[in-house]
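Enquirer: Handing you this structure, nothing more for now.
Every read-out reported here was derived from the displayed coordinates using simple, explicitly stated rules and does not represent laboratory data. Not measured: the values here are computed from a predicted model. Glycine gets a Cβ as well: all are built from the backbone with ideal geometry, and neighbour counts include every protein chain shown.
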Amino acid sequence: MADFFQLFMDSFPALMDGLGVTIMLTVISIILGTVLGIFLSLGKVYGSKIVSGVITVFIELIRGTPLLAQLFILYFGLPPYGIRLPALAVALIGFTINSGCYQAEYLRGSIQSVSSGQIRAALSIGMTKWQGIRYIVLPQALRRVIPSWTNEFIYLLKYTSLAYIIGAPEMMTQAKFIASRNYEFFKVYLIVALIYLVIVLFFTQLFKWLENKVKIPGFEYIR
Amino acid sequence: MVIDKLQLVWSSLPNLLEGALVTIKLTIAGLGLGIILGLPLAFGQIYGNYLIRGLVSVYERVLRSIPLLVILFLIFYGFPNAGIKFSPFIAAVLGIGLRSAAYQSQIYRGAIQSVSGTQMKAALSLGMNRVQAFIYIILPQAVRIAIPPFANEAAIVLKDTSLAYALGVIELLRHGSYIIATTFEPMTIYLTIAAIYFIMTVTINTILGKLEERMKIPGIGVEGGSR
Amino acid sequence: MSKKEILRIVDLHKSFGDNEVLKGISLSLKQGETKVVIGTSGTGKSTMLNNINMLIPPDKGHIYLEDVDVTTTHDISRIRQQIGFVFQDFGLFDHLTAKGNIMIGLTKVKKMKKSEAEELAMFELERVGLQDFADSYPAQLSGGQKQRVGIARALAMQPKLILFDEPTSALDPELIGEVLTVMRDLAREGMTMLIVTHEMGFAKSVSDEIIFMENGKIVEQGPPEQLFNNPREERTKEFLFKLNELYGEGGA
Ligand SMILES: Nc1ncnc2c1ncn2[C@@H]1O[C@H](COP(=O)(O)OP(=O)(O)O)[C@@H](O)[C@H]1O
Ligand SMILES: [Mg+2]
């Protein structure tokens, strides 16, 4: 136990560096993914048949294939075409696209659950269709999608560990580095697991608290 | 040029399909382990005393909070420190199955609990005992409710078997990287692999969708799952 | 004592935590009798019915189905087969057709052969006027039809007694009549029934006795003419007055 604690203290700084990258990857990709998701969902719901069809196919392709395969396509597949991106950039792009597609689906469901009467009401006060979407539908849809969004955040937080496989310097990479010097694989990965557990529980509680804070009457949702 | 690539795809296909077979084995074994563990976990969570319920929720919480990759590394690289050594394939199945059990347990519990309390009461009022009521009344309804989220979980497990790559399991992605080492055509190969994965996820969803359709109770809509 | 006593309840008590819901209920039903229980909601009417077939076991008191003490029997399944229960929210099994709902108790509990069970199920469905809906699932039926299937399911078990817990409360007004008609026919055919309902017109015309419950006690019981026209207790008068204001004289 004592030497576990010692190991914990020794590896903590390096792991914290890794954790910083993990969280940075998560936060940036969730934000970019949200933006992408909004555009994809709007295009799917309100776009022309062709736009909507293309987006649907794209979303389904991304959701139907492993994230790791997507990272490999970007990281190993592009260089022969002269596009050579650092692992961290590939991870960011890959996570953003992947998350964007999942979020687009959540948002689409949410948009479609906002009643069509709302758009009609917007038109009736003289708004254009796009104004109605922008000021009436989207604000409601975004509020409804918050629980899925927080779930997605937690998913992404865990899946950023895949960046390790293409060599981005996140927490797993640091762990492997430490463990390959002291051969304490079990303890080191246990520490990593504990850190993830704490971080995930922290964000879960934080989101619960935030959701309660920003609750709007009529927008209570069931988890 | 395009012909070359198609030829490459064609000639790699036997190897890739061999990898796909390993991926399928991982998926079935992982899901199977998830069912075997997930069902008792769900029962424990619903019918157990507070100690059992507490243990099950801790298990669920922990396994759902730790990334699969960490679980896999803990089992494959970590356990040997404690004198327990697994082959990459077994380690992958264990990791995937243990984690899936946590998600599946939630699916089964939710399904069982969403069958309304009156159904149990009505069954008892006819003279059924609790076991009969569960088997003839609760279970048939719970199974139907559980299919869509189970299909969702199956697709997740299928996709996540790709993480076994990191343990050196010679699954679909690993077969691909072997081919790339000799052909230097990563884009073509990885796109082909993605296509194979896509076909497999669509197949899972189609099969379970058919099952859902066949078991559908007229007049009752069933909602789809999420990620 | 011309007729056999089917049900006798003696000094029934039940509490949920600190909430004493039943404070000593006693009543009895003879063969072929129909008694109606009335009273404001939260008074313990449902709790009492659920006590009778031990879906909720009472704390104290005895319940006799003919000679068997339900509260101490070792084979509650046997008792429950002999006591039909009709639920306010129907309690139909959503994964089974109307016919399937009736057959499942016959085949699984009474171990009847499937063909016999089917025959009996069809007979009971016809009795409630739903022979054409045998293969419909609950979600495809109207509320009134659902409740008639619920009644047919109870009947098929050939019970000695049927308990009804507000069988029409979840129904749209225009569907109440069809269910009450079925119940009225049963009363006429000599079925023994204990009914909790707010349908006063029905209660007046069908019941042998009205039981007015309040705060876990029976305040007054008697033949409908007497209880409605000449209530002895002040509380009964007040309750009937309020009921009149709410629903008018009417009912089915
Ligand atoms: N399972 C239960 N647990 C706790 N309290 C209950 C339960 N069932 C009923 N009660 C309480 O018992 C009282 C009587 O309920 P009920 O028998 O349903 O009344 P009624 O059918 O006359 O409206 C109510 O105060 C109710 O809140
Ligand atoms: Mg009641």
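Enquirer: Segment C:1-63: which trypsin sites (Lys or Arg not before Pro) are DSSP loop and have at most 12 other beta-carbon atoms within 10 angstrom?
Expert: Details: sites: C:LYS3, C:LYS4, C:ARG8, C:LYS14, C:LYS23, C:LYS30, C:LYS35, C:LYS45, C:LYS60; in loops: C:LYS3, C:LYS4.
For trypsin sites (Lys or Arg not before Pro) across segment C:1-63 that sit outside H, G, I, E and B with at most 12 neighbouring Cβ atoms in 10 Å, the list reads C:LYS3, C:LYS4.
Enquirer: Using r as the Cβ-Cβ distance of B:LEU39 and B:ILE220, and R0 as 25 Å, what FRET efficiency do you calculate, to the nearest 0.05?
Expert: Working: r = 24 Å, r/R0 = 0.95.
With R0 = 25 Å, the Cβ-Cβ based efficiency is 0.60.
Enquirer: Further question: Going Cα to Cα from C:LYS111, which lysines come in below 23 Å? Please leave out same-chain ones fewer than 8 positions away.
Expert: Of all the lysines, those that pass the test against C:LYS111 - Cα under 23 Å, at least 8 places apart if same chain - are B:LYS121, C:LYS99, C:LYS160.
Enquirer: Where the centre of each part is set by its Cα atoms, how far does segment C:159-189 sit from segment B:111-159, in angstrom?
Expert: 30
Enquirer: Something else now. Tell me the GluC sites (Glu not before Pro) within segment C:151-252 that lie in a loop according to DSSP and have at most 13 other beta-carbon atoms within 10 Å.
Expert: C:GLU189, C:GLU233, C:GLU249
Enquirer: Using Cβ counts within 10 Å as a stand-in for footprinting exposure, how do A:TYR159, B:TYR136, B:TYR178 rank, fewest first?
Expert: Ascending Cβ contact count within 10 Å gives the list B:TYR178, B:TYR136, A:TYR159.
Enquirer: Taking the number of other C-beta atoms within 10 Å as the exposure measure, put B:ILE170, B:ILE145 in order starting with the fewest.
Expert: Arranged by neighbour count, lowest to highest, B:ILE170, B:ILE145 become B:ILE170, B:ILE145.
Enquirer: To two decimal places, what compactness ratio does segment A:106-160 give when its Cα radius of gyration is scaled by 2.2 N^0.38 Å?
Expert: 1.39
Enquirer: Provide the per-residue ³J(HN,Hα) series for segment A:174-180, in order, calculated from phi with Karplus coefficients 6.51, -1.76, 1.60 and θ = phi - 60°, each as a whole number of Hz, with x at glycine and proline positions.
Expert: 4, 4, 4, 4, 5, 5, 6
Enquirer: Have a look at C:GLY39, C:GLY17, C:GLY190 and tell me which one the Gaussian network model of chain C (Cα, springs below 10 Å) gives the largest fluctuation.
Expert: Of the options given, C:GLY17 has the highest mean-square fluctuation.
Enquirer: If amide H atoms are built 1.01 Å from N in the plane of the peptide, which residues on other chains or at least 5 residues away come under 5 Å of the amide H of C:PHE85?
Expert: Here C:LEU163 satisfy the definition.
Enquirer: If you take the square roots of the eigenvalues of the alpha-carbon gyration tensor of segment B:2-215 and sort them as a ≥ b ≥ c, do you get rounded (a/c under 1.5), prolate (a/b over b/c) or oblate?
Expert: In terms of gyration-tensor shape, oblate.
Enquirer: Then there's this: Mind giving me the nanometre distance, one decimal, between the label points for C:PHE241 and A:PHE5, set 7 Å out from Cα along Cα→Cβ?
Expert: For the pair C:PHE241/A:PHE5, the computed spacing is 7.7 nm.
Enquirer: Say R0 is 25 Å: what FRET efficiency, to the nearest 0.05, do A:ILE23 and B:SER57 get from their beta-carbon distance?
Expert: 0.45
Enquirer: For a Förster distance of 35 Å, can you work out the FRET efficiency between the beta-carbons of A:SER116 and B:GLN113, rounded to the nearest 0.05?
Expert: According to the calculation, E is roughly 0.60.
Enquirer: Still on this model: Taking the Cα atoms only, what angle lies between the long axis of helix B:2-47 and the longest principal axis of chain B, rounded to 10 degrees?
Expert: 20
Enquirer: How do A:TRP209, A:TRP149 rank when sorted from fewest to most other Cβ atoms within 10 Å of their own Cβ?
Expert: Placing the least packed residue first, the sequence is A:TRP209, A:TRP149.
Enquirer: For segment A:141-151, take each phi angle, set θ = phi - 60°, evaluate the Karplus expression 6.51 cos²θ - 1.76 cosθ + 1.60, and give the result in whole Hz per residue in order, putting x for glycine and proline.
Expert: 4, 5, 5, 5, 8, 3, x, 5, 5, 5, 4
Enquirer: A follow-up question, please. If you take the charge dipole of chain C about its Cα centre, with +1 on Lys and Arg Cβ and -1 on Asp and Glu Cβ, which of C:SER15, C:SER26, C:THR72 is farthest toward its positive end?
Expert: Farthest along the dipole direction, towards plus: C:THR72.
Enquirer: Okay, next question. Considering chain B as a Gaussian network with a 10 Å cut-off on Cα pairs, which listed residue, B:GLN106, B:GLN119, B:GLN45, attains the greatest mean-square fluctuation?
Expert: It is B:GLN119.
Enquirer: While we're looking at this one, here's another question. How large is the charge dipole for chain A, taken about the Cα centre, if only the Cβ atoms of Lys, Arg (+1) and Asp, Glu (-1) carry charge, to the nearest 20 debye?
Expert: For this selection, approximately 900 debye.
Enquirer: Could you identify which residue out of B:VAL131, B:VAL157, B:VAL56 has the top mean-square fluctuation in a GNM of chain B using Cα springs shorter than 10 Å?
Expert: For chain B, modelled as a Gaussian network with Cα springs under 10 Å, the answer is B:VAL131.
Enquirer: So, one more: Which of rounded, prolate or oblate describes chain A when judged by the alpha-carbon gyration tensor and an a/c cut-off of 1.5?
Expert: Note, shape of chain A comes out oblate.
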